[in-house]
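Handing you this structure, nothing more for now.
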Amino acid sequence: MRSDPVQPERLAGTGPVQPEAGAVAPAMSGAYISVREVSKVYGRGRDRVEAVHRASFDVPKGQFVAILGPSGCGKSTLLMMCAGLEHVSSGRIAIGPRTVDGPSRDIGIMFQDPTLLPWKTALQNVLFPIHIMGLRKAEHAERAGDLLRLVGLAGFEDKKPHQLSGGMRQRVAICRALISDPDILLMDEPFSALDAISRDEMNVLLLDIWQRYSKTGLFVTHSIREAVLLADRVLVMRRRPAAVVEDIMIPFERPRRPELGDTREFVELCAMLRRHIESQT
Amino acid sequence: MTIRADGSRPASVVEAVALPVLTGLAVFALWQFGTSSFGVSEVLLPPPTAIAARFRDLLPTLLVHTGATAGEIALASGVALGGGAILAGLLTLSPGLYGALMPTIVLFQIIPKIALAPLFVFWLGIGSPSRLVFAIFLSFFPVLVSTAAGLQLAGSEAVRLCRSLGATRWQILRDVRIPSAAEHFFSGAKVTVTLAVIGVIASEFISAKQGLGYFILLASSRADTSAVFAALTMLCIIGLGFYLCVLAAERAVLRALYG
Ligand SMILES: Nc1ncnc2c1ncn2[C@@H]1O[C@H](COP(=O)(O)OP(=O)(O)O)[C@@H](O)[C@H]1O
Ligand SMILES: [Mg+2]
């Protein structure tokens, strides 16, 4: 994949997707997160909403997948089902050999809202998962400090959330998602509440973190540029029915730098994606 | 000192201190002037100066009664605050319990509970227990409802975060719901201590050999209006004292949480 020409591999339809031979590096092959014919129905009778309609896809270990789509198309619902925070109405989601039926320690989550506890300091917020999991805080305090330093928050360990900017809070939330060293990171539009400049900074930071920790990731966004810059692969969802309609590999090599966004290949790929999305609606 | 909702202090000292003090003084002046110049009988409404003099004379007696009353108020408030908060926690831990009990508790509030005071004497006798239980019964509701609302309101996103970490219901209560309910607890607590004062005084009217309520009842049966007002002044001081205690605790807790 790394040396492929800049030409997205478009994989057909919504059915089970097998990564094309050679499209995925050997270390990534094999499904790690497997989503099979998953539907989600909220309410009943006249209130019935099918938030997700028969979604199927596989994510190999180490892959970063962006889920792209207009608001209300079921992206959050899909992510929350992967996180074990919502039940599937039908179908099956598995992580490794285990069927997802509740929250798991292998998963770190980031929401659109940083969801920091306002009475805890930045450091205490990062250590919150350790506290809840009943692990030794002293053993993780050093790692928490390292993470805060990595995201540029050295010196802010003892500040409370109201003393931090929106971008800084979301950085704390990244550290919190990473503190227990989960294999999987699920992110639901984590940067969409930020201003454009902070958002660009966070994208750079996330690229760096990915390079360093190589997790498996699902990243929900409605920004085409963000999806193409960050992800190895983009799943496009649409509304009515709320289904995964496109599965596109992003061929740019890593490590990626933000300047990638200025290259012609990048711009063309974004334009092509946009056309795909428009043709779906 | 008043602190506004957004945490800012009032614009000026005049606005914060001078204005209310002046208004209060004006009321007293009008009262003093009105009673003397229209020849209002001191039995009907004694002027402030007469009340002040009487307060000074009666102070040793009043203090004895104050001790009894304040002690019962403190005990009743403490039990009402603790019990109300713990019950709110239990109701939050168990949605079933919440559904089963909350409507009944709310329904109870529609009864003018003060009217039940004589029943408590009938049930528990004329001693301290009947006064305490009645004051608790009268006052626990605001802190319970307010705290329960605060515990329920705790950010659903923070709760979702906890669930994603596999937190137990108890952990969510301890680490998220209780800290975020602190403000609600204190706004209910302010009403609760006020009601506890009313509860104890009302019971003292009915059954007591001591206390400010007893003193007021005795004084008014003798048409000793200035003594009634002197005791009333003492009651205001006690009420204010309890209120300020809650306010101080609130500031300390909120500062520890968010400072
Ligand atoms: N808890 C819920 N109860 C009922 N309907 C819901 C609930 N959550 C989401 N929905 C509905 O499901 C659809 C998809 O929502 P969501 O997954 O949040 O979309 P997205 O994240 O793509 O904006 C929307 O129509 C929304 O109204
Ligand atoms: Mg969403």
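The values are calculated or read from the model by the stated rules, or taken from the named source; none is laboratory data. Just so we're clear, the structure is a prediction, and the values are computed from it rather than from any experiment. All Cβ positions, glycine included, derive from the backbone under ideal geometry; neighbour counts span all protein chains shown. Each accessible area value is taken on the protein alone, full model and side chains, heavy atoms only, with ligands, DNA and RNA left out. Shrake-Rupley method; radii C 1.70, N 1.55, O 1.52, S 1.80 Å.
Of the options A:Pro241, A:Ala227, A:Trp210, report the single residue whose Cα projects farthest towards the positive end of the charge dipole of region A:193-281 (beta-carbon charges: Lys, Arg +1; Asp, Glu -1).
Farthest along the dipole direction, towards plus: A:Pro241.
With each label point set 7 Å from Cα along the Cα-Cβ vector, what nm distance links B:Val21 and A:Gln211?
With each label point 7 Å from Cα toward Cβ, the separation is 6.5 nm.
Also, I was wondering about something else. Going by amide H atoms built from the backbone, whose H comes under 5 Å of the H on A:Val52, apart from near neighbours?
For A:Val52, the qualifying residues are A:Lys40.
Can you give the % of DSSP beta bridges in the protein assembly as shown that are antiparallel, to the nearest 5?
55 percent
Tell me, what is the FRET efficiency for B:Leu257 and A:Asp106 to the nearest 0.05, using R0 = 41 angstrom and their Cβ-Cβ distance as r?
0.80
Right, here's the next one. Over the heavy atoms of A:Asp146, what accessible area does a 1.4 Å probe trace out, to the nearest 10 Å²?
Answer for A:Asp146: close to 70 Å² accessible.
Then there is this: Using a simple charge model, +1 on the beta-carbon of Lys and Arg, -1 on the beta-carbon of Asp and Glu, nothing else, what dipole does region A:48-113 show about its Cα centre, in debye to the nearest 20?
So the magnitude is around 140 debye.
Same structure, new question: Spin-label point model (7 Å from Cα, Cβ direction): what's the A:Thr99 to A:Glu139 distance in nm?
Between A:Thr99 and A:Glu139, the simple spin-label model gives 3.3 nm.
Using a Gaussian network model of chain B with C-alpha springs under 10 Å, which one of B:Glu183, B:Glu204, B:Glu157 is most mobile by mean-square fluctuation?
Judging by the Gaussian network model, the answer is B:Glu157.
Under the rule a/c < 1.5 gives rounded, and otherwise a/b versus b/c splits prolate from oblate, where does chain B land using the Cα gyration tensor?
Taking the square roots of the gyration eigenvalues as a ≥ b ≥ c, chain B is oblate.
Where is the GNM fluctuation largest for chain B (alpha-carbon springs, 10 angstrom cutoff): B:Gly89, B:Gly155, B:Gly39?
The residue with the greatest mean-square fluctuation here is B:Gly39.
Here's another thing I want to ask about it. Could you name the lysines in cross-link range of B:Lys190, using Cα to Cα under 23 Å and dropping any fewer than eight places away on the same chain?
List returned: B:Lys113.
Still on this structure, please answer the following. Which residues in region A:224-238 have a backbone N closer than 12 Å to a point placed 7 Å from the Cα of A:Leu260 along the Cα-to-Cβ line?
A:226-234
Cut-off 10 angstrom, C-alpha nodes, Gaussian network model of chain A. Which of A:Ala243, A:Ala138, A:Ala51 fluctuates the most?
Largest GNM mean-square fluctuation: A:Ala138.
OK, next. Charges at C-beta only: +1 for Lys and Arg, -1 for Asp and Glu. How large is the resulting dipole of region B:59-258 about its Cα centre, in Debye rounded to 20?
Numbers: 12 positive and 7 negative charges, 68 e Å.
Dipole of region B:59-258, to the nearest 20 debye: 320 debye.
Follow-up. P(r) of region A:94-247 in 10 Å steps, Cα pairs, percent per bin?
Pair shares across the bins are 10, 39, 35, 14, 2.
Using a basic spin-label model with each label point 7 Å from the Cα along Cα→Cβ, how many nm lie between A:Arg240 and B:Leu153?
With each label point 7 Å from Cα toward Cβ, the separation is 3.7 nm.
Right, another one. Regarding region B:63-206, what are the three Cα extents along the principal axes, ordered largest first, in Å?
Dimensions of region B:63-206 along the principal axes of its Cα atoms: 56, 32, 19 Å.
Work out the FRET efficiency for B:Cys245 and A:Arg274 from their Cβ-Cβ distance, taking R0 = 56 Å, and round it to the nearest 0.05.
Step by step, r from the Cβ atoms, then E = 0.30.
Continuing with the same structure: Each residue of region B:68-79 in order: what ³J(HN,Hα) in whole Hz does its phi give by Karplus 6.51 cos²θ - 1.76 cosθ + 1.60, θ = phi - 60°, with x for Gly and Pro?
Calculated HN-Hα couplings, in order: 4, 5, 4, x, 5, 4, 4, 5, 5, 4, x, 5 Hz.
What order do you get for A:101-107, A:188-194, B:15-21 when each peptide is scored by the mean count of other beta carbon atoms within 10 Å, highest first?
Top of the packing list down: A:188-194, A:101-107, B:15-21.
Further, regarding this structure: Could you sort A:Met168, A:Met237 by their accessible area in this structure, using a 1.4 Å probe and putting the largest first?
A:Met168, A:Met237
Among the listed pairs A:Lys40/A:Lys160; A:Lys40/A:Lys120; A:Lys40/A:Lys137; A:Lys75/A:Lys215, give every one whose C-alpha distance is greater than 26 Å.
Pairs exceeding the cut-off: A:Lys40/A:Lys160; A:Lys40/A:Lys120; A:Lys40/A:Lys137.
Sorted from largest to smallest, which semi-axis lengths in Å does the alpha carbon gyration tensor of the protein assembly as shown give for its equivalent ellipsoid, taking the root of 5 times each eigenvalue?
Its equivalent ellipsoid spans semi-axes of 66, 25, 20 Å.
Next question. Compute the Rg to Rh ratio over chain A from the alpha carbon atoms, using the Kirkwood formula for Rh, and round to two decimal places.
Computed over Cα atoms, the ratio is 0.96.
All other residues with a Cβ under 12 Å from the Cβ of A:His53 taken together, and with Lys, Arg as +1 and Asp, Glu as -1, what is their net charge?
My count for the surroundings of A:His53 gives +3.
Checking an interface number: how much accessible area is buried between B and A, summed over both chains, with a 1.4 Å probe, in Å² rounded to 100? List each step's numbers first, then the result.
Working: alone 14420 and 13210 Å², together 25800 Å².
For B against A, buried area totals roughly 1800 Å².
Counting partner chain Cβ atoms within 10 Å of every residue's Cβ in B:154-164, what's the average?
That average works out to 6.
Multiply the residue gap between B:Asp57 and B:Leu90 by 0.36 nm, knock off their C-alpha separation, and tell me the result in nm, one decimal place.
Here the answer is 6.9 nm.
Within region B:25-59, find all residues whose amide N lies under 14 Å from a label point positioned 7 Å from the Cα of B:Cys236 along Cα-to-beta-carbon.
Hits in region B:25-59 for B:Cys236 at 14 Å: B:25-32, B:46-56.
Calculate, in nm to one decimal, what B:Thr104 and B:Val191 gain on full extension: separation in residues at 0.36 nm each, minus their alpha carbon distance.
Contour length minus Cα-Cα distance gives 29.3 nm.
Same structure again: Let me make sure I get this right: for region B:1-135, a, b and c are the square roots of the gyration tensor eigenvalues over alpha carbons, sorted descending. Under 1.5 in a/c it's rounded, otherwise prolate if a/b > b/c, else oblate. Which is it? Walk me through the intermediate numbers first.
Details: a/c = 2.49, a/b = 1.46, b/c = 1.71.
Because a/c hits 1.5 or more and a/b fails to exceed b/c, region B:1-135 counts as oblate.
Can you list which of the DSSP-assigned H helices in chain A have a Cα extent of 30 Å or more along the long axis and an average Kyte-Doolittle score of at least -0.5?
What comes out of the filter, once short or polar helices are dropped, is none.
Further question on the same structure: Just want to confirm a number: the relative contact order over region B:59-258, from Cα pairs under 8 angstrom separated by 6+ residues, in percent. The partial results should precede the final answer.
Working: 237 pairs, mean separation 59.2, N = 200.
30 percent.
Same structure, new question: Hey, could you grab the Kirkwood Rh for region B:50-111? Inverse mean 1/r over distinct alpha carbon pairs, Å, one decimal.
Hydrodynamic radius (Kirkwood, Cα pairs) of region B:50-111 is 15.0 Å.
Any idea what the dipole of region A:66-163 comes to, in debye rounded to 20, about its Cα centre with Lys/Arg Cβ at +1 and Asp/Glu Cβ at -1?
Here region A:66-163 has a charge dipole of around 40 debye.
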